[in-house]
Amino acid sequence: MFPGLDPAAGGVQTAAGLAWAGLRARYEGLPDRLMAFEYGRRSSAAPTDGQITTARSKLGALVTILGRRWPARVVLVWHLSLLRLLPLLRARAARVVLVLSGIEAWRPPDWLTRRLLRRVDLFLSISDHTWRRFVELNPE
């Protein structure tokens, strides 16, 4: 789940686009096994390879997620705020990997996000600083 895959957008979207390209390269022989879900504006620079589902807004993301089954074994959540969509995926058996991208991990999470953090199997942080700030707010 990505906030966007547009490498021209900058920031977390650029990193997400690079991550998607890396996943596609790593699992080149298994294109039907990789699915990406993103929301936000699409641009011509965004990748189109693989199974990418795009929703234009957060509301559209909710409708899209509820409208289909996501048979995932691993869910990569590219932004802390997207963790709130996890229960809607109906992928209870999936392992959850959360990428901590920066400032969103430096603020206290809301009650739902705090609860969903318990489902995360692996945390990946872009820096030691981000990890330290996150752990200060979420010692559990």
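Throughout, read-outs are computed from the coordinates displayed, never taken from laboratory work. Model, not experiment: these values are computed from the prediction. When we count neighbours, we look across all protein chains shown, and the Cβ atoms used for this are built from the backbone with ideal geometry, even at glycine.
What the table shows:
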item	result
Principal axis box of segment 78-140, alpha-carbon based, largest edge first, Å	33, 21, 18
Where labels lie 7 Å past Cα in the beta-carbon direction, separation of Arg92 and Arg119 in nm	1.1 nm
Label-zone membership for segment 115-130, site Ala21, 7 angstrom Cα→C-beta point, backbone N under 13 Å	none
Inter-probe distance in nm under a simple model that places probes 7 Å from Cα toward Cβ, at Trp111 and Ile126	3.1 nm
Filtered trypsin sites (Lys or Arg not before Pro), segment 87-140: DSSP coil and at most 13 other beta carbons within 10 Å	Arg92
